[in-house]
Amino acid sequence: MIDMKNRQAQLQQMVEDMLNEAAIQGASAAEAAVNFDIGLSTSVRLGEVETIEHTRDQGMGVSVYFGHRKGSASTSDFRPEAILDTVRAACNIAKFTTEDPYSGLADAARMAGEQPDLDLYHPWEMEVEEAIARGIECEAAARDLDPRITNSEGATLNSHASLQVYGNSHGFIGGFPSTQHSLSCAVVGQQGESMQRDYWYTSERSPEDMESPREVGRRAGERTLARLGARQIETCEAPVIFQAEMAVSLLRSLVGAISGSALYRRSSFLLDQLNQRIFPEFVRIHENPLLPRGPASAPFDNEGVATAPKELVRDGILRSYILSSYSARKLNMETTGNAGGVRNLTIDSGELDLAGLLRQMGTGLLVSELMGSGLNMVTGDYSRGAAGFWVENGEIQFPVEEITIAGNMLQMFAGLQAVATDVERRGSIRTGSWLLEPMTIAGS
Amino acid sequence: MSTMIDIARNALLLPANLQDHHLDQVMDQLLGAKIDAADIYFQSGRLESWVLEDGIIKEGSYNIEQGVGVRAISGEKTGFAYTDEIGLPSLLEAGRTARAIARSGGQGGIRLQGVPADRHYYDPINPLETMTETGKIDLLHRLDAEARRQDPRVTQVVASLVAAHDVVLVARSDGNISGDVRPLVRCNVHVIVEQQGKREQGSSGGGARQGFQFFLDSERALGYAREAVRQALVNLDAVAAPAGTMPVVLGPGWPGVLLHEAIGHGLEGDFNRKGTSAFSGRIGQRVATEHCTVVDDATLPGRRGSLSVDDEGTPGKNTVLIEKGILKGYMHDRLNAHLMGTESTGNGRRESYAHLPMPRMTNTYMLPGKDDPGEIIASVAKGLYAVNFGGGQVDITSGKFVFSASEAYLIENGKITSPVKGATLIGNGPDVLTRVSMVGNDLELDAGVGTCGKEGQSVPVGVGQPTLKVDEITVGGTN
């Protein structure tokens, strides 16, 4: 086991060495980040071990500023001379970049002070044999579910412990350890000539919060079985429910569209929408970067700016953009502490569970899988491959595949009918299933 | 070329005071267990990128990545460990960890021998050094000016230049040791155009396993700037795309992403060994019309997906996947080839030393047919002509795949008419090529922009095809 306290002190020293070297090289400001991750990944397939990987990743990056000229460099080589070389490489780059009045560190006044313990570090003292046994139990639960489960891609258990340290020439330095443990399972079902595959996973900061191996396997198996016999439907217009895991992608598109970099480049479908209504009135979307054990929690952002809970959408109205100090200066605004992205973004759920949402929809499409990347971020035009279930009178009728759904993101947001209580919590974005107004479904 | 091995030795082993007998020692230790095969993969990579935005050189970065990965295989089991420190102690430790996959004792006594590769498909250059920093910056400014010069409606230009220099050395337990020096350059231009409050985007670029001169030849990079603006302006006038099943004519070159998604992934050896691909057990069967012959070819000189040797030391090959409509073979790495009783096709690739190799594509393309592209379009009464695409994705088990058109037009009565908005096309891999009724005589390879993702690993790839007609595929528009 790695002594994380000791390791964190080493990484902090590296950050300080890099900042010192930047100053020696004449940089007027600098920032540096170091990360270290150690992990175990075991996968089993058909009841046998397939791979055992011992992972150990490390990297450090430095940005230097000569006035408003910026240069960056990074390396995975942690030897002292490599650290100095990396800083010098960044300084060399800065000789050739252009003076950019908006570039630089975030304001010193915004640096995080006392950093709360967010309960993110729960190492798992686990032997390889135990990891394998859990994988085998998980996969068996899926395979034993039904004779139509005929094959498997196996089960994989990942356990990682990480350290992140960031510092800059304002004198800010901060770091924290975290852990992430996940177990996933994917199985193949067969009906006639056709095969279907689906998966499930659990991912948590602490092993005690994970779903049991049996539960993960059972859900993987059930999801695969539910897809058997899928067919195309005819081209039509119909209301659509994005199942929670898929609704995450809609919020991710919102995040992309209200991010500073897309806004100052004028490459967003939500340009100039601050304080405008973009969702129906019931919609509230907020961010809590300080959520204990949250999958994306952090006490400071990638520029050292203190993070804090905030509302992005209230009463359907866009209240805040998602900004780093750079994009904020470009837009003549203040950073929102979002360098590095959003951290535990949540849309409030309504009263209905998924079954209730299906009843509210009556007849339409429940989307459980999306394929491809068919969103034009400039116009909001949306067209993606999909699979899911056809629903009539609030009841699932049969599985559907080889279809596309298309519309425009602005109308999809404005036409949000309800958000269910079946919240997906495994990533940086949390949401229940969404019921949307009719979209174009292309099929046979 | 044995010189490749020498270059790789000098770059990777010499600085760490490692000699071949040290590798023998690590290998002996690895094989001192019930291990069928093992390999050690050394890598040293340098990546440099420059970005122009708002008319200024806003960002530049330089990345150093190096390390060594040690893999031990026992039957279907793989043990893997890696380290960022290239040196004997860390190598021995990684070896001990990797071999824990198998427990009891076995043989040892391996002596590594360099096996010269027959050919190399790119020169062992460092592309970062093929142009001065001032030259790179000047090129980016020229791209910006060229894009803005095309049309006053251009409001934003983002141009980037990236060069990567990878040196790898692979030592295997069968004694084979090989090296490769892999240059890669990439250039991209992205523009936003604005007309009376309506905005659109266009993007174009290219790349190769060459130096930066590639972008200056025949004003190639300036061509990217013009092309990005042209696409964006076309899309300003685009109408809603049709929805439903219809004939689709795919243009030559990059639309070959169809082949990559629809059949390429499904023919990778790992999925077929496991029986999880929609193509499993279908060798010798008809999976396409007789017009279709598809290859995966690592041997094209200087292409983005080309490989002189793969990441397991197997020389790059040209593998026939589909010949006149009949499925001929899968793409293999060593592990899956061994387990299926066949030979590696040189498709064992990994993103880096920190990733395990698996079967991956190189340059995947369809050979030219006999039809005149104009006649192919003229044969369609009502359908879609799609010439540019974004990415794609496939579910190899169900066979369903998508790829998203970013530039497409309606075909009405044999004529290309209005441009339509981007739309995703969805089809079934094992079926789609059985609906290819015409194949053009105009084979083109893509400009060198492809990156393929599989199980979290990204590798550069190429695609290509002639103009071809699919009689029926689902188009995901709104109209």
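The values are calculated or read from the model by the stated rules, or taken from the named source; none is laboratory data. Predicted model only: the values in this text are computed from it and were never measured. Note that each Cβ is placed from the backbone with ideal geometry, even for glycine, and that neighbours are counted across all protein chains shown. Keep in mind that these areas ignore ligands, DNA and RNA; they rest on the heavy atoms of the full protein, side chains included. Shrake-Rupley method; radii C 1.70, N 1.55, O 1.52, S 1.80 Å.
Brief remarks on what is shown
- Ordered by 1.4 Å accessible area with all protein chains kept, A:MET246, B:MET361 run largest first as A:MET246, B:MET361.
- Neighbourhood net charge (13 Å Cβ-Cβ; Lys/Arg +1, Asp/Glu -1) for B:GLY325: +2
- Ligands, DNA and RNA aside, B:MET4 has an accessible area near 10 Å² when probed at 1.4 Å.
- Table column - 3J(HN,Hα) (Hz), the stretch A:351-361, Karplus curve with 6.51, -1.76, 1.60, x for Gly and Pro: 8, 7, 7, 4, 4, x, 5, 4, 5, 4, 6
- Relative contact order for chain B: 16 percent, from Cα pairs under 8 Å spaced at least 6 residues apart, divided by residue count.
- Each residue, B:LEU92 and B:ARG286, gets one label point 7 Å from its Cα in the Cβ direction; the gap between the two is 6.3 nm.
- Straight-line cross-link reach from A:LYS95 at under 19 Å between alpha-carbon atoms covers these aspartates and glutamates, not counting any fewer than eight positions away in the same chain: A:GLU21, A:GLU31, A:ASP85, B:GLU48, B:GLU53, B:ASP54, B:GLU59, B:GLU129, B:GLU133, B:ASP138.
- Using a 1.4 angstrom probe on protein heavy atoms only, the contact between B and A buries about 5600 square angstrom of accessible area, both sides summed.
- The stretch B:281-295-the stretch A:274-314 distance, computed between alpha-carbon centres (Å): 52
- Table column - 3J(HN,Hα) (Hz), the stretch B:76-84, Karplus curve with 6.51, -1.76, 1.60, x for Gly and Pro: 8, 8, 10, x, 8, 8, 8, 8, 7
- Going by accessible surface with a 1.4 Å probe and the largest first, A:TYR326, B:TYR353, A:TYR199 read A:TYR199, A:TYR326, B:TYR353.
- Amide N proximity, the stretch A:51-67 versus A:ALA23 label position 7 Å along Cα-to-Cβ, cut-off under 20 Å: A:61-67
- Alpha carbon centroid spacing (whole Å) that separates the stretch A:111-156 from the stretch B:432-479: 37
- Percentage relative contact order, the stretch A:333-444, counting C-alpha pairs under 8 Å, at least six apart: 29
- In terms of accessible area, using a 1.4 Å probe and ignoring ligands and nucleic acids, B:HIS190, B:HIS260 rank largest first as B:HIS190, B:HIS260.
- Entries in B:LYS317/B:LYS454; A:LYS5/B:LYS77; B:LYS317/B:LYS469; A:LYS70/A:LYS330 that, when Cα-Cα distance is taken, lie over 27 Å: A:LYS5/B:LYS77; B:LYS317/B:LYS469
- Zone of A:GLU281's modelled label, taken as backbone nitrogen in the stretch A:334-377 under 19 Å from a point 7 Å along Cα→Cβ: A:348-351
- Counting heavy atoms of the protein chains alone, A:SER297 has an accessible area of about 0 Å² for a 1.4 Å probe.
- The stretch B:161-210 and the stretch B:1-47 have their alpha-carbon centroids 26 Å apart.
- Beta bridges per DSSP, both residues in the stretch A:236-442: antiparallel share near 90 percent.
- Computed label-point distance, nm, for sites B:ASP151 and A:LEU84 using a 7 Å Cα→Cβ extension: 5.3
- Computed over chain A: relative contact order in percent, which uses C-alpha pairs under 8 Å that are six or more apart: 15
- For the pair A:ARG314 and A:ASP348 in one chain, pulling the backbone fully straight at 0.36 nm per residue adds 11.2 nm over the alpha carbon distance.
- The residues neighbouring A:ILE233, those whose beta-carbon lies less than 10 Å from its own, together hold a net charge of -2 under the Lys/Arg +1, Asp/Glu -1 convention.
- Nearest-0.05 FRET efficiency for B:THR451 and A:LEU274, computed from C-beta distance (R0 41 Å): 0.75
- Taking the 1.4 Å solvent-accessible surface of the protein assembly as shown as the whole, the part contributed by carbon and sulfur is 47%.
- FRET efficiency, 1/(1 + (r/R0)^6) with R0 56 Å, evaluated for B:GLU375 and A:ARG425 via beta carbons: 0.50
- Calculated accessible area for the protein assembly as shown comes out at 36 Å² per residue, all protein chains present (probe 1.4 Å; ligands, DNA, RNA ignored).
- Amide N of the stretch B:129-153 lying under 13 Å from the label point, which is placed 7 angstrom from the Cα of B:LEU14 along Cα→Cβ: none
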